[in-house]
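Working notes, structure below.
Every number in this text was worked out from the coordinates using simple rules, so none of it is lab data. Keep in mind it's a predicted model, so treat the numbers as computed, not measured. Cβ placement follows ideal geometry from the backbone for every residue including glycine, while neighbour counts extend to all protein chains displayed.
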């Protein structure tokens, strides 16, 4: 006798996200269950999330932190420039 090894999961997600996701997946020939299985297998294959997460501005977490540090650093910078050309010359020097 064969023993069933499949396991079931349930998730809650808002209807709009589900609908938009389902439409995109259908356009590439996948259903939601297949996409979730694929996602889980890629987590196993990569040993982590198989995608690059981004914030609402499109920056990776690393780039977002670098930008925040640069903004803070700009407030305490010793040099200032009235013209962008002067800044570029300084950076290239």
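Checked against the criterion of being in a helix (DSSP H, G or I) and exposed (fewer than 10 other Cβ atoms within 10 Å of the Cβ), segment 77-87 contains one or more residues that satisfy it.
Taking segment 45-68, which residues are surrounded by 10 or more Cβ atoms within 10 Å (Cβ to Cβ) and assigned to a helix (DSSP H, G or I)? Working first, answer last.
Residues of segment 45-68 that are surrounded by 10 or more Cβ atoms within 10 Å (Cβ to Cβ), as a first pass: 46, 49-51, 54-55, 59-61, 63-68.
Within segment 45-68, 46, 61, 63, 64, 65, 66, 67, 68 qualify.
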